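Undergrad: The structure's right below; bear with me while I get my questions together.
The values are calculated or read from the model by the stated rules, or taken from the named source; none is laboratory data. Just so it is clear, the structure is predicted and the values come from calculations on it, not from any experiment. A quick note on method: Cβ atoms are made from the backbone with ideal geometry, for glycine too, and the neighbour counts reach across all protein chains shown.
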Amino acid sequence: MTVITGLKNESILNHPNPAAGPPIPRIAWVLCGFLFVATALSFLDRQVLSVLAPSLMKDLGMNNTDYSHVVSTFVFAYTIMFAAGGWLVDRLGTVRGLAISVAVWSLASAGHALAAGVLGLGVARFILGLGEGACFPAAIKGATEWFPPEKRGAAMGIAIGGSAFGAVIAPPLTAWVAGSFGWRGAFFVTGLIGLTWVAGWIAAGRFAPKPVRSAASAKTDTKAVWREVFRQPAIWRILAARFLFDPVLYFYLFWIPQYLSHDRGFSLDEIGRYYWVPFLALGLSNIVSGYLGDGLLRLGWSERRVRRVLLAVAALLTPVSCGVIFAPNAGWAIAMMAMLMVAHGLWICNYVLLIGDHFPSRVAATVMGLTGTVGGSAAMLANLITGPVVDRHGFTPIFICTALLYPLALVVLLTIPRPAIAKESSADLAG
């Protein structure tokens, strides 16, 4: 607590270039680090099941169709709560909203250890999804309201970049804990880690800085108005794009261990040793993408040009996913998965920033939650289809689909008109 109090009383950092924008309180970066860990925990907790799937399914007598149903219970709850969670965060604030979210999903994660069959596992996954729904809306709201526009890309990359590093940690950590304490022990340990994070977040959140926004927007920042959201012409294209590309990441999160086990002959230990590689690529891409976008803005590029160019580059890289099924060995397959994740990191960072370009911070979490609900709906349908398709035809049709969806989403996003809302100017950012 002494350290945190010192952060509160410390004067804001000297800015090396005053023309680049106002200084940022150090506590804002501390909280951004907490957001990084929160998004890491969200992917860690959801990945434990997929890493353990080959052995857990044998223990509980499940086939791929059963597994798709269990996965879909999580996606269904996550889909509902993504929009509701965004609304909750806009009402309660980033600190309280995220604390509740992580506490609920951490208890649910530990609850997986009590599952005795498909039904119990499905109930635990459902509650996990309810808890995790507010995580990314809260992370995006925090990065949006605590950082000025010229630093927002870097903050956003860090905040959402934790998700990939959670997925990096999940395979080796899960394999090690399961090897020592069984698969039930793996769920219990990850739940305990999350509850520890909640205690630290509540302590640090007491010193959160005031939102960075203009005086005019501060006066009206009392409610997230749905009418305001749907009045923006960009909303329908943003939602349609999310519906198209979200199933790809969900497939990589929940089905790749099954693919590695079934088609590449990986054991649980081998999954733990190699499955993290694509997600490390995703985490690095998330962070680098944020700095890359900020750098292009400093060179004089417009926000619109930055988003469109980087989204296009990302979409043109994603067809490499189809190459996984033709890879001559597992090493090449993992490398192509990693390239897909690099593209996704570049894509999702600029997709999220695109939302910030078109909507004010007072509704940022609500809009992000709405996109998550739409994307989760698509992912839920895709997961229900994936299980029977894999049981009957293998993974080839699924990988072919993953190669096509980002380019289709790009076509939709390129038709978005210029932002209609007034942007915050550097002179208005009062800290």
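Undergrad: How many of the residues making up the range 14-65 are hydroxyl-bearing (Ser, Thr, Tyr) and at pLDDT below 90? Steps first, please.
TA: Restricting attention to the range 14-65, the residues satisfying the condition of being hydroxyl-bearing (Ser, Thr, Tyr) are 39, 42, 50, 55, 65.
Add one more test, that the residue is at pLDDT below 90, and what stays is 50, 55, 65.
The qualifying residues number 3.
Undergrad: Could you go through the range 280-288 and let me know if any residue there is crowded, with 18+ Cβ neighbours inside 10 Å, under 18 Å from Thr371 (Cβ atoms) and among the polar types (S, T, N, Q).
TA: Checking the range 280-288: at least one residue is crowded, with 18+ Cβ neighbours inside 10 Å, under 18 Å from Thr371 (Cβ atoms) and among the polar types (S, T, N, Q).
Undergrad: Which one of these does Gly131 not meet: (1) among the small types (Gly, Ala, Ser); (2) crowded, with 24+ Cβ neighbours inside 10 Å; (3) within 16 Å of Gly205 (Cα to Cα); (4) modelled with pLDDT of 90 or more?
TA: Checking Gly131 against (1) among the small types (Gly, Ala, Ser); (2) crowded, with 24+ Cβ neighbours inside 10 Å; (3) within 16 Å of Gly205 (Cα to Cα); (4) modelled with pLDDT of 90 or more, the one that fails is (3).
Undergrad: Could you say which residue among Arg362, Arg298 is at pLDDT 85 or above and basic (Lys, Arg)?
TA: Numbers: Arg362 fails: at pLDDT 85 or above.
Exactly one residue qualifies, and that residue is Arg298.
Undergrad: Between Leu296, Leu268, which is crowded, with 20+ Cβ neighbours inside 10 Å and either more than 22 Å from the chain's Cα centre (by Cα) or β-branched (Val, Ile, Thr) (or both)?
TA: Checking each option against the conditions leaves just Leu268.
Undergrad: Is there a residue in the range 210-222 that is assigned to a helix (DSSP H, G or I) and at pLDDT 85 or above? I'd like the intermediate steps shown before the answer.
TA: Here is the first cut: in the range 210-222, the residues assigned to a helix (DSSP H, G or I) are 215-220.
From what's left, at pLDDT 85 or above: none.
Within the range 210-222 (the criterion being assigned to a helix (DSSP H, G or I) and at pLDDT 85 or above), the answer is no, since none of the residues qualifies.
Undergrad: Sticking with this one: Here are some residues: Arg273, Arg307. Which one is over 13 Å from Val342 (Cβ atoms), surrounded by fewer than 17 Cβ atoms within 10 Å (Cβ to Cβ) and either of a type in the set (D, E, K, R) or touching a helix residue (DSSP H, G or I) at 6+ places or on another chain (Cβ under 8 Å) (or both)? Show your work before the answer.
TA: Working: Arg307 fails: surrounded by fewer than 17 Cβ atoms within 10 Å (Cβ to Cβ).
None of the others qualify; the one that does is Arg273.
Undergrad: Next question. Name the residues in the range 234-251 that are more than 12 Å from Gly376 (Cβ to Cβ) and surrounded by 21 or more Cβ atoms within 10 Å (Cβ to Cβ), would you?
TA: Listed by number, the residues that qualify are Ala234, Ile238, Ala241, Leu244, Phe245, Val248, Phe251.
Undergrad: Check whether at least one residue in the range 91-105 is farther than 18 Å from Ala203 by Cα, of a type in the set (Lys, Arg), within 15 Å of the chain's Cα centre (by Cα) and assigned to a helix (DSSP H, G or I), and report yes or no.
TA: No; the residues of the range 91-105 include none that is farther than 18 Å from Ala203 by Cα, of a type in the set (Lys, Arg), within 15 Å of the chain's Cα centre (by Cα) and assigned to a helix (DSSP H, G or I).
Undergrad: Follow-up. Going through the range 348-360 one residue at a time, which ones are of a type outside the set (Val, Ile, Thr) and either surrounded by fewer than 24 Cβ atoms within 10 Å (Cβ to Cβ) or closer than 22 Å to Pro233 by Cβ (or both)? Lay out the reasoning, then the answer.
TA: Step one: filter the range 348-360 for residues of a type outside the set (Val, Ile, Thr), giving 349-351, 353-354, 356-360.
Of everything in the range 348-360, those that are of a type outside the set (Val, Ile, Thr) and either surrounded by fewer than 24 Cβ atoms within 10 Å (Cβ to Cβ) or closer than 22 Å to Pro233 by Cβ (or both) turn out to be Asn350, Tyr351, Leu353, Leu354, Gly356, Asp357, His358, Phe359, Pro360.
Undergrad: Out of Ile160, Ile202, Ile193, report the one residue that is within 19 Å of the chain's Cα centre (by Cα), surrounded by fewer than 21 Cβ atoms within 10 Å (Cβ to Cβ) and in contact (Cβ under 8 Å) with a residue 60 or more places away in the chain. Reasoning before the result, please.
TA: On the way: Ile160 fails: surrounded by fewer than 21 Cβ atoms within 10 Å (Cβ to Cβ); Ile202 fails: within 19 Å of the chain's Cα centre (by Cα).
Just a single option satisfies the conditions, and that option is Ile193.
Undergrad: Considering only residues of the range 386-419 that are of a type in the set (S, T, N, Q) and assigned to a helix (DSSP H, G or I), which is nearest to Thr371 (Cα to Cα)?
TA: Only one residue fits best here, namely Thr402.
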